[in-house]
Each structure stands twice: as C-alpha cells, then as structure tokens.
Number of protein chains: 2
Amino acid sequence: MLDDRKKQVLQAIIEEYINTAEPVSSNSILQKYDLDCSSATIRNDMAELEKIGFLDKPHTSSGRVPSAKGYRFYVDELLKDDNISLEEIKYISDKLETKVNEIEDLTKITANTISEVTHYTTVSIGPKTETQIIKEIKFVLLGSRMMLAVILTDTGLVKETIIKFDEDVTQKQIETMNYMFNNKLKGQPIEKIDRPLEEYLYDEMTYSVNVIKPVIEQIKKVLEEDNKIYLEGANRAFELPEFNSLEVAKNFVNVLDTKELMADMLNSGFAQDINVYIGEESEKEELKDFSIVTFKHKVGNKDLGTIGIIGPKRMDYSKVISVMKYISKKLNGEK
Amino acid sequence: MLDDRKKQVLQAIIEEYINTAEPVSSNSILQKYDLDCSSATIRNDMAELEKIGFLDKPHTSSGRVPSAKGYRFYVDELLKDDNISLEEIKYISDKLETKVNEIEDLTKITANTISEVTHYTTVSIGPKTETQIIKEIKFVLLGSRMMLAVILTDTGLVKETIIKFDEDVTQKQIETMNYMFNNKLKGQPIEKIDRPLEEYLYDEMTYSVNVIKPVIEQIKKVLEEDNKIYLEGANRAFELPEFNSLEVAKNFVNVLDTKELMADMLNSGFAQDINVYIGEESEKEELKDFSIVTFKHKVGNKDLGTIGIIGPKRMDYSKVISVMKYISKKLNGEK
DNA sequence: AATTAGCAAACAAGACTAAAGAGTGCTAAA
DNA sequence: TTTAGCACTCTTTAGTCTTGTTTGCTAATT
C-alpha cells in the first residue's frame, strides 16, 4: 500500500492538476505543498505512482497527469467532502427555498443550483416511472371530442395527457370510464399495466372501441414515455481549457445531445446516492474524456429524480461531492 | 443594376462557397459553371461585385467569399425555392403524418423533420400566448389541498398547472371559483388579465385569501411563462468546417444556451412566414457569424409556433427555404 | 536503506526561414 | 469589351534552431 508521503504526493499532484490543467512537475508541488523532502525524492515517488498506474506522463520529459485510476484512489480515499464555503451554503439555501408545485421543478431548480455553484454542466431526469404506484386517475372532458387524463402517483408525480376522440363522448361515458380505470389501476405500480389488464378494460367497456382505444393507448404512452432530460449550463464547459481541443468540444456536444446515453448514465449506478464515473470507467467510448457524478435526489426515501454533473476528468470532485452532500442534507431538513 | 453575367458569377460563387466553404477563385467557377468567357473576365466581374459590397476577400491574393450583402441579394433575387428531392419529399410526408394531440408536439416534430432533412440545428417555440383567447378554464380537485387548473385557448393550446393550498378546499369551493373564473375570463385574450381583473376576483371571492391567492398567482404565472424553446440537432453544426474554429463553436453553444436571444429571434420578423437573417443583419453581436431562417408555422391562419434554423452564414438557403415552403404547403393540406 | 545533489538527455514550444502554390490585378493586345 | 500573359501578393507547409522545462540516473550523503 501507499505510505503517507506517497499519498500526499498523489493528492498534491491531483489537486494541482485540477487547479491548473497542466502536467505537474516535482518542483511545483515542492513549492506549494510543504512536503519535507527534496524534489528528487518526489520524483522517485512519482515514478512509483506511475508504475502502479496512478499517474501518466504525456511524454518522457514532462510533468505527471493523474490517470483514471489515480482519480479513483483520490475520490475513494483522499477526498475531503466539506469543501464548501459559507457563501456557497447561503446561496444554495436561498435557492432551495423556492416553492414548487411539481417535483420535476424541484429537480430542475436543484440541478440549476448545482450547475451555478460548481460551474459544471448538469443533466437531470425525473424519477423513474415504472416503479411508481398509481394513486389516482382523473378524466376531464374538455370538449365533446377531447379529454384530459391526469394521473397522480404515490411520489407526487403528475402526468397529464390530452386524448382526442373520433366521435362525440358524453360526460356520463367519461365518468364511467374514469371509475373503471381507477377501480382497476389504483394502487398498481405503473409497470403492472400489461396486456391482460388492457384486455380486461377493452372487454368491460364494450360500448365503443373508438372511445376506449385512444384512452388506453395514450395513457400507456404517457406512462411509458421516457422522462425528459434537462440540461443546465452547457456553455459553462467551454470555459475550461480541455475544451480548447476541438475534438473534445465536439464530443461533449455530441454526448449531451445523445439523450439515451445520458438517461442511461443517470439511471445506472449502485445503491449509493452519489456515484462517480471517471472517464473510461463508464465503459462508454463517448465518455472516455469525461467524468460524471450522479446524485440520486431524494426526500426521505422518495426518489425525486437524478442529477448528473458532467465535466472533464479533471473535475473538482471534492467541490462537486461536497455540494451534493450539502444539498442532500438540506433537502432532508437537516440544519 | 447587375447584368446577367454578373448575376451568374455571383450565383456561381455563392453556390460554390456553400458547397466547399473555401474562397472561390475565378478558375474554379470557370470549370464547373459554364460561363462563356475567360477567367480574366470573371476576375473583372468579381472586382466589381466586390466594389459594390457583394463579395469579400480574406486577403489580397485569395479567392472571393460572399458578404452578408451578397447572400442577401442571392436570397432575394437569385434563389431557387424548389431545391428538394423526391426522397426528401417522401421523408417529410411520412414524418408529418404522425398523429399528435397537442400542437406543441406538432411544432417539435416539424422542427425535428427540418433538422433531419437540412442537417442544420433547429430551435422552436410554441405560439405566442399573449394574443390568444381563453376558451375555457377547468379546475379539478386532486386532493384536499391540491388542484389542477387547465386552460384552453382558441388556437388549441392547452396549459396546465398544479396549485397547492395551505388549507383544505372543498369540491364546492372549487366549482364556485371555476364558475367565477370562467365568467370573467372566457373570451378574453390572455394579455387582458391585468390588475383590475385580479382585484375584481379578489373582491368577489372573499371567503378565503389563502385559497384565491395561489390560484390567481399560479394561473398568471403559467400564462405569462415564456414558451419553452426546443433544440434539435445541436451537434449537427459541428460537422461543418466553420465550427473548426474554436471561437465560432464556443459562440454557437453560447447562443443556443441564451434562450432569451433565441426567443427574441423567433418572435421577431415581419409579416411573411419565412424570414431570413444573415449574419450581422440580425444586429446582434452574438449572431454575427450565423444565419437564422425563421418559419412561422401555421395551419390556416392559426399560429402554431415558430421554427428557426440556425447555421453558418454559408447556409444552404435554397434547400432550407425549399423545405420550409414544402412543409408549409403540406401542413395546409395542399398535395 | 532512504534521501539527496548534480547533471545529461528528452522533448515541447516558439521563432525564424525558405520554398511552393494559388490567385489576383494590371497591362497591352485583340 | 474581352482576353492573354505575367509580375506580385500572400498563405501554407516544412524544416531548422534555440530555449526552457523536467525527468531519470548516478554517485554521494545521511
């Protein structure tokens, strides 16, 4: 395992690289971090850290750059998660006070706050629908051939959809349908809406396929619909020096544009609330130059969606994770 | 005025430049376009076209590049608007067949189609709310302290908003409120919801400010809310050579991120359905390197929103305008 | 055994030069 | 008015040299 000085050297190199984006030399850390040894000693340590794969060298006579493995060790073992200033705390608190009526808005505000404080781009997605339980379905006639269906779930998610008919429908019909749907679907998780259930509904309400069909189809569609992905601060990334490489910049825009990829990243991850994917760790070619930190945004154990920060591998993990932890505490009512 | 050969030269230069993105030399157009003269003659014409400001020269001994003024003349006088292939027509027809329930979806699908066919980035926005007339307001109780308000307008726009209360409300209260709101607002254009009207509502329904206040506030908010802007194919731009300049690429991402700027461009424009802004013509510093073609998307004279194509000044105006005109015809039911 | 000083070697980055190639503008002739 | 011919301009690319940074190694020191 690493002795203390090697850990210090690794930490110094990573932090220095996060600040400067330039390969770090033995001399530069000797000056800024007080390690009680000479630059030659540091060079020896650097050589060893390189041997075990924690550091890379752009070319033979240049300083060192952390590898994904190096960042990983840093994130797992060395990182401080209280890297947050009083001003930042104040700013976050204020923004999170905003009253919202829909949980998606809360996710958006949180994502926006994180983006502002960390200066990275964020992507966010609403809570997964499949596992949510239908609490109530309401049908409202909006005209003789148009109806609004509103579906409420246990986590407070509200889905609305407009349904159009090819023939006139009456208030009475709507009410009957509404009763049937509630009867059958209330208390069910969304993923349970399957073929047999659909057929049952078709059978029960024989009076007009023209009426029933669009209702079932549209409700299924809106429930299965992928959650929208919201982007915040896409332009912020371009302030960073790594985006001076045209190829990196191009990849970045491409990645943000590939909603499925983003949804995939946001929905994967382990049981923890915060997951860190460093460059190639994500095992997606497109993401090899980027790191993503995802944050499962919860109140109690209600899933409110996931927020991801995407930036260069040289991301300020300490700041990002500190901010996320603070927000998590805050949302759960801790002082 | 320009004689015929000068027009041909201008057209050839612009089309060649649109295709190659390289300054155009007298020789290159002599070879590809059959002008019945020598390269020296073309050079003379080019010099004159430059004198009247239709062409620019990156440096003394390079070929010519069209200026904004040159593109303007081309768009206004020389452009062919039937530059669309059978495959493209087929593709567009198919995609526009998709059934939609909300007009915003139609705008999105159309914007997506345009982006796919032209390979440019599109931005789109829903119809302006201010001038729309309220057709119906429905309140639906979703729980003892939560209500959904649905507002329908004459153009078919539907706005929904969830309203939360600090105290329990009854079905009866909701109905009374609903009646009052309809009574007062039905038939009114949205921009007419002003202070006196609000006060009247406050006065009429004295029973609880806790109930009335959030309703009025939230309805006002949702109606005044800026329409969302949808982006399609942001990454496509990066295939173009002008985006190899880091500064241009950066500006582009910035422009797309500045929603107000985009909303401004989409909502400005004259009576025509198609408006073309070439580079500096838009009089916005940020847009000096880009051209925007906006398309007011209508069925009959119902405004369904505006779609904008944004790309380099060297945009294929002919293709873009041809596609827009075809879509416009198609949406209005012409074969 | 660990640390350090000292120094040669590697290499990037920038400045400068030279040569090649493309394209124009001008002059004089058709 | 058009054209041929040619000098001139300017970009682009490659090549060379210089400078400065940083390493890795060796040998001495603690």
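All of the numbers you see were taken from the coordinates with simple rules; none came from a lab. These numbers were taken from a predicted model, which means no experiment stands behind them. Neighbour counts run over all protein chains shown; Cβ positions are idealised from the backbone, glycine included.
The dipole here belongs to the range B:4-78: it is taken about the Cα centre, uses +1 on the Cβ of Lys and Arg and -1 on the Cβ of Asp and Glu, and is about 200 debye. Between copies, the label points of B:Leu78, set 7 Å from Cα on the Cα→Cβ line, lie 6.2 nm apart, reported in increasing order to one decimal in nanometres. Subtracting the Cα-Cα distance of A:Val299 and A:Arg5 from 0.36 nm times their residue separation leaves 101.8 nm of extension gain.
Measuring between their Cα centroids, the range A:33-51 and the range B:131-209 lie 70 Å from each other.
Report, in degrees rounded to the nearest 10, the 0 to 90 angle that the Cα long axis of helix A:39-51 makes with the longest principal axis of chain A. Roughly 40 degrees between the two axes. Looking at the range B:257-333, the trypsin sites (Lys or Arg not before Pro) that sit in a DSSP loop and have at most 15 other Cβ atoms within 10 Å of their own Cβ are B:Lys288. Taking GluC sites (Glu not before Pro) across the range B:161-214, the ones in a DSSP loop with at most 12 further Cβ atoms lying within 10 angstrom of their Cβ are B:Glu167.
Beyond 28 Å in Cα-Cα separation lie the following of the pairs A:Lys32/A:Lys57; B:Lys7/B:Lys288; B:Lys32/B:Lys95; B:Lys186/B:Lys329; A:Lys184/B:Lys186; A:Lys313/B:Lys108: B:Lys32/B:Lys95; B:Lys186/B:Lys329; A:Lys184/B:Lys186; A:Lys313/B:Lys108.
Here the label points at A:Glu130 and B:Ser61, each 7 Å from Cα along the C-beta direction, are separated by 6.7 nm in the simple model. For a paramagnetic label modelled on B:Glu77 (point 7 Å from Cα along Cα→Cβ), amide N atoms under 20 Å away belong, within the range B:1-29, to B:1-18. Going 7 Å from the Cα of B:Glu160 toward and past its Cβ, which residues in the range A:152-194 have a backbone nitrogen under 12 Å from where you end up? Zone members listed by number: A:152-153, A:157-163. Here the sum of -39500 (n - 2.57) over DSSP H runs of 4 or more residues, divided by the residues of chain B, equals -13500 deg cm²/dmol at 222 nm, to the nearest 500. Between A:Ser144 and B:His119, the FRET efficiency from the beta-carbon distance, with R0 = 45 Å, is close to 0.55. Among B:Asp257, A:Asp273, sorting on how many other beta-carbon atoms sit within 10 Å of each Cβ, with the fewest leading, yields A:Asp273, B:Asp257. With the label put 7 angstrom out from Cα along the Cα-to-Cβ vector, A:Arg195 ends up 6.4 nm from the copy partners, going from closest to farthest. Report the calculated FRET efficiency for A:Asp203 and B:Thr98 (r = Cβ-Cβ distance, R0 = 30 Å), to the nearest 0.05. Between A:Asp203 and B:Thr98 the formula returns 0.50. Ranking A:Ile219, A:Ile114, A:Tyr17 by how far each Cα lies toward the positive end of the dipole of the protein assembly as shown (charges on Cβ) leaves A:Ile219 at the top. Take the alpha-carbon centre of the range B:215-229, take the same for the range B:1-22, and report the distance between them in whole Å. So the separation of the two Cα centres works out to 48 Å. At 7 Å along the Cα-to-beta-carbon direction for both B:Glu280 and A:Ile52, put a label point, then send me their distance in nm to one decimal. Rounded to a tenth, the inter-label distance reads 6.1 nm.
The residue list A:Asn251, A:Tyr230, A:Met177 was ranked by how far each Cα lies along the charge dipole of chain A toward its positive end, using unit charges on Cβ atoms, and A:Met177 comes out on top.
The charge dipole of the protein assembly as shown, taken about its Cα centre with unit charges on the Cβ atoms of Lys, Arg (+1), Asp and Glu (-1) only, comes to about 560 debye.
The angle between the Cα long axis of helix A:171-185 and the main principal axis of chain A comes to about 50°, on a 0 to 90 degree scale.
The length gained by stretching the chain between A:Thr258 and A:Lys329 to full extension, at 0.36 nm per residue less their Cα-Cα distance, is 22.4 nm.
Relative to the dominant Cα principal axis of chain B, helix B:86-96 is inclined by about 10°.
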